[in-house]
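Values in this text are rule-based calculations from the coordinates and carry no lab data. Every value quoted in this text rests on a predicted model; they were computed, and no experiment measured them. Please note: Cβ atoms are built from the backbone with ideal geometry, for glycine as well, and neighbour counts cover all protein chains shown.
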Amino acid sequence: MGGIISKRTTSRQSSFGAGSHSWSQQSYPEVPYAQPYAQPYAPPSQDYGQQQHFAPPPQSHSSAWPGSKKRLERKYSKIDDDYNSLEQVTDALARAGLESSNLIVGIDFTKSNEWTGARSFHRKSLHHIGEEQNPYEQAISIIGKTLSSFDEDNLIPCFGFGDASTHDQEVFSFYPDEGSFCNGFEEVLRRYRELVPQLRLAGPTSFAPIIEMAITIVEQSGGQYHVLVIIADGQVTRSVDTERGQLSPQERKTVEAIVKASEYPLSIILVGVGDGPWDMMKEFDDNIPARAFDNFQFVNFTEIMTKNMDRSRKEAEFALAALMEIPSQYKATLELNILGSTGGKAVDRVPLPPPHYGSAPFSMPKPSQSSNFRPSAPSRQRDEFVSTARPASSASDNHVCPICLTDPKNMAFGCGHQTCCDCGQDLQLCPICRSTIETRIKLY
């Protein structure tokens, strides 16, 4: 699933077979794409108001062929919502028309993962490695199993973000060599378990870098259809001094990246793990303006997996919630005539290597590599990369936020402990003493 050059150099494109029922996917508005784009996605005034304006995508994307709309409507079928196993969900996706899919995975390594499992993961870090799978591993396994039969080369580009080397600016690859990917979701899980003990969780949170990385992969693949799955524990960072109706810098960049991604054959699925909150993620799902098509889906993993039902049914419900809009989104890329085309307008991102934080490199297994890979930009000097993040021992420094380890402490809680404003504004429990936060005081 996924892959950059090896997938780009083949003529394969994600395709859909014939369906047996008329198309009635409710999440996708049946309007001609030559009409103005902003109409179906008008933002609510209380959240975006008139402060945010995103230019609509180019009007050159129109229906691909005369009379194709009726053929497409016959070709796609509605996916039901009552299944007992992942196999049934896979069969349902196939009946709806899905035949192949390229997967990209992005994983959130921000500091808040250490406490946002207080209710949903027995007060353990959401990245805790133990005998049982943590929520990240569960989500990877379920989506990987469901989509594995639709993949041809089984290569999955995997990236991390939000740690002490990337913060809200970069992503790092799971392997140090460009063009090296995980061979199947089983290798994604194995590599994840190898990386987690080496990482320093930090922040702040932004989804813009991972979305831009996915756009780069799609562009370099020759415009093949991809699905980006972002697994994260919380919302994009929003500081306390961000006024109502305004977006924080991280929110603004994330929204801009989602809008930009709608010009490419790319679907984005955000899987929320842990305790939340998720209100802004739902806004992203429902109310982002000026997109060429509805390319973003939010799924609350915790809400589904804590239901009182058999585990196999919960897994099936989660897989369906995450993937059921894929056929309609693929249909949009056909009608917009963006599938298989390249615009040369993507942000040309080059991922960082797996973080070493100045320590000696740890041994890594040989990854799966594309034989045709050529870097899209000069490779960074991997052997000279050293993170500028503070060592973990400085977390108790009197002047530095104990969460991101970079910004100064400028917010105090009623218990007396302090963080920076960016890290502290969304916390429900103090990360030091675990007491409920009822008072926040901004320090100057």
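Observations
- Using 0.36 nm per residue and subtracting the Cα-Cα separation, the extra length available between LYS307 and ASP241 on full extension is 20.1 nm.
- The translational diffusion coefficient of segment 139-212, from Stokes-Einstein at 25 °C and 0.890 mPa s with a Kirkwood hydrodynamic radius over alpha carbon pairs, comes to 185 µm²/s.
- Stretch gain in nm, segment GLU87-ASP286, where the contour uses 0.36 nm per residue and the Cα spacing is subtracted: 68.7 nm
- Dipole moment magnitude, nearest 20 debye, segment 237-359 about Cα centre, only Lys, Arg, Asp, Glu C-beta charged: 260
- The label point for GLU186 and the one for THR436, both projected 7 Å from the Cα toward the Cβ, are 4.7 nm apart.
- Its residue count N sets the reference 2.2 N^0.38 Å, and the alpha-carbon radius of gyration of segment 250-295 equals 1.17 times that reference.
- Expressed per residue, the C-alpha convex hull volume of segment 179-277 stands at 130 Å³.
- Per-residue extension of 0.36 nm, minus the Cα-Cα distance of HIS399 and LEU443, leaves a gain of 14.7 nm for this segment.
- Each part reduced to its alpha carbon centroid, segment 245-266 and segment 296-333 end up 23 Å apart.
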